[in-house]
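The values are calculated or read from the model by the stated rules, or taken from the named source; none is laboratory data. Small disclaimer: the values here were computed from a predicted structure and weren't measured. A quick note on method: Cβ atoms are made from the backbone with ideal geometry, for glycine too, and the neighbour counts reach across all protein chains shown. What goes into the accessible areas is simple: the full protein's heavy atoms, side chains included, and nothing from ligands, DNA or RNA. Shrake-Rupley method; radii C 1.70, N 1.55, O 1.52, S 1.80 Å.
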Amino acid sequence: MLNRVIPIITSLLLLAGVMDSCKHDSPTSSKTCDTCCDTCHHDTTSHSNDTTSHNFTWTEFTNVNGESNMTGCWVFGPNDIYAINGDLHRFDGAAWTRIIVHDTKGLSYEYGLSGCSILGFSDNDMWFIDGGLALHYIGNATVVRYNTYAVAPVAAHSAWGTSSTDLFVVGDSGTILHFNGTTWTKMSSPTKKNLQEISGTSDKSIWACGYNSSTGGSVLLHYDGSSWSIDPLSNKPVSATGGFLSVWTADSGNGHTVSATSGSIVYRKTDDGAWRNTDSGKVPNYALGGYVGLGLRGNGSNDLFAVGPWGLVIHWNGKSWYRYDQYFQPNNSSYITGGASVHGNTACVVGVKNGTSWVLVGQRQ
């Protein structure tokens with residue numbers, strides 16, 4: 001869950017000093033910078049098949065319907081975007097509408113969705129996950145309430161599935177739950193570390209990750225359709241990874257899939273290949289050795305967003321990383337990115353800025 005990827009244990013002054021020496025220009029710039037990411041040149045002309053454009057037009061929203069924060073979002077299209085915190089909010093391309101949900105027994109959840117992440121299958125089929133609750137949104141402002149504490153008495157954080165009858169939820173103490181549309185089952189897990197996010201491409205290829213700040217331990221798990229196992233990348237020192245706090249996967253077409261995980265560093269792999277920082281081997285480590293969480297969302301191996309504290313939004317197009325400087329304020333400690341979602345040429349990033357909700361909606365040009 002991206003709103004939990006923000007532990008910060010390095011000096012803001014150090015970060016600000018290095019970042020100032022590595023500023024990015026607008027997407028029309030031809031300057032390069034190979035110190036803060038791998039060859040941060042900006043592609044503005046025609047693109048080959050293995051790259052996508054960095055050129056997004058962003059619209060910024062604050063204080064959306066009086067919300068003080070946003071912790072999750074989901075993009076179905078440019079005119080169909082949801083964001084969540086106290087309540088659910090839908091963007092139709094012009095304005096945000098507040099949706100006060102209630103369960104099938106009439107219990108209102110007004111201001112009751114704070115901290116939730118979102119998994120969306122359609123406008124009438126979404127899941128809101130936080131703590132001991134899994135709320136299944138079935139449309140018409142209605143949710144079906146499930147108490148995951150009854151199966152595992154720990155906090156749940158994130159969900160992924162092929163459908164609402166094949167759903168996986170992860171949480172603290174290595175907890176992994178499966179829902180078949182009727183029954184919740186606790187799966188066998190090889191770890192006791194707190195699992196923060198889960199993502200997959202099929203019910204035979206799922207990744208989950210977690211990190212315990214108190215012990216310095218990090219873990220990355222893979223499910224092959226029959227059992228969960230610990231990926232060897234988990235054995236890297238935490239100082240080399242920043243802790244695994246986010247995981248994302250996508251089908252890149254032609255039978256190929258891409259997976260990525262991050263703490264303060266983004267690791268990527270395609271199919272059964274080796275994990276790598278970037279194609280050039282350089283590390284887009286915006287924490288400069290500390291544990292600033294980067295959340296991941298995207299469409300494929302050449303279209304990946306990483307988001308983090310201080311309004312950090314960066315895009316990988318298959319060849320280079322690009323940072324959108326107009327929203328990056330490394331000296332602003334009250335500016336935190338809490339969630340992101342990408343669908344096609346539309347991206348959404350949410351969080352808190354100066355004590356109020358903050359939402360970016362981007363459209364690729």
> For the stretch 144-228, what class follows from the C-alpha gyration tensor (a ≥ b ≥ c being the square roots of its eigenvalues): rounded when a/c is under 1.5, otherwise prolate if a/b is larger than b/c, else oblate?
Replying inline: oblate
> Given H placed on each backbone N at 1.01 Å, which residues far from residue 88 in sequence or on other chains put an amide H within less than 5 Å of it?
Replying inline: 99, 101
> When the label point is put 7 Å from the Cα of residue 186 along its Cα-to-beta-carbon vector, which residues of the stretch 114-131 have a backbone N closer than 17 Å?
Replying inline: 131
> Extension gain residue 79-residue 57, at 0.36 nm per residue separation less the Cα-Cα distance, in nm?
Replying inline: 6.4 nm
> Measuring with a 1.4 Å probe in the full set of protein chains, what accessible area per residue, in whole Å², belongs to the stretch 172-252?
Replying inline: 40 Å²
> Between residue 65 and residue 145, what FRET efficiency follows from the Cβ-Cβ distance if R0 is 25 Å, with the result rounded to 0.05?
Replying inline: 0.60
>> What FRET efficiency comes out for residue 325 versus residue 124 if R0 is 45 angstrom and r is the Cβ-Cβ distance? Round to the nearest 0.05.
In response: 0.70
